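Notes for the one structure printed next.
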Amino acid sequence: MIDFVQNTVDGIMFGSSYALLAIGFTIIFGVMRRINLSFGATIMLGAYIGTWLHVQHQVSVWIVALTTLTSTVLVGIYVERLCFHAIRRSAVLASMVSSFVIWMQLEEAAIHLLPERTYAFPALLAAGSFELGPFLFRAEQTSMLVLAMIMVGALHILLYRTRFGLALRAVSESSLAAAYMGINAAWVTLCAFALVSLMGGVAGYAILSTDAQITPFFGLWATFKGLIAMMLGGMGSLPGAILGGLLLGVVEAHALWYLGNEYKDLSAYLLLFGMLVLRPGGLMGQRILSREALAFRRV
């Protein structure tokens, strides 16, 4: 029983990194109803630029962190201009395919910047652990869980307590109606991408600081884990993004312990398949689907 509880704790701690990634995917899907497949590659390129400064010029860890966040925001704006602003809102498939193409471009740029397979990534805080009874907690993973909760709380305040949040929600419902109300939908979307990219940079830096290394596969990993966590929690639900990430982490932790490392990723895909069959709206997205279906019937 102690092993089971410890694996659950480890899964929750590691699932917090998935939750951080899922939040970014959730915001973009909730606002634009489109998937940005280049989100993971955007984070990776921003982190690679910060790592390049660390490797080539041995700058301080704070400069690496600031460079990573700034670069991720700039790359996110670049993606928005090419893949979403330049393509009309109704062309969902075209924007998704173009974001996939940009994903390849960003990964190639990162690999050319740092061609080796693995590089050390500087940690902002010293690694450590603490015990509560017979259970062990890693300090940096616990901080990621707290960070995910803080980000969701801040986003909730931004979306439901500010004029920008009201404009953002109006654009998500109908960009045409928002335009009639005097809201600049293009500017709101650009700001949303910048915000999500900043959050992605924070998530990427927290994850890479915990791992203390970065590889060219980080973008692919971040994209897959973020998308799976978002779909498990419910597309468009911020609390669902956290729950989906934690659930994914717990399932993977138990699969690793009881079945072995080769079944860790397989368990994630099986979990997603089961969720899509039994509850297509995810843990907390069913209410969103029901509300949209009711609105459609009223129209």
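The values are calculated or read from the model by the stated rules, or taken from the named source; none is laboratory data. Note that the structure is predicted; figures quoted are calculated from it, not measured. Neighbour counts run over all protein chains shown; Cβ positions are idealised from the backbone, glycine included. Side chains included, ligands, DNA and RNA excluded: accessible areas come from the protein's heavy atoms. Shrake-Rupley method; radii C 1.70, N 1.55, O 1.52, S 1.80 Å.
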So, with points 7 Å from each Cα along the Cβ direction, the residue 4-residue 66 label distance in nm works out to 5.1 nm
Cα gyration tensor, region 1-110 - rounded (a/c under 1.5), prolate or oblate: oblate
Just the number, please: carbon plus sulfur as a percent of the accessible area of region 20-155, 1.4 Å probe, no ligands or DNA/RNA counted. 71 percent
Kindly report the accessible area of region 2-298 per residue (heavy atoms of protein chains, probe 1.4 Å, no ligands, DNA or RNA), in Å². 49 Å²
Quick one, what does Rg over Rh come out to for the chain if you take C-alpha atoms and the Kirkwood Rh? 0.97
Residue 25 neighbourhood, Cβ < 15 Å, K/R = +1, D/E = -1, net charge +2
From the phi of every residue in region 136-147, what ³J(HN,Hα) in whole Hz does the Karplus formula 6.51 cos²θ - 1.76 cosθ + 1.60 yield, where θ is phi - 60° and glycine or proline is x? 10, 10, 8, 4, 5, 6, 4, 5, 5, 5, 5, 4
Cα gyration tensor shape of region 72-193, rounded if a/c is under 1.5, else prolate or oblate by comparing a/b with b/c: oblate
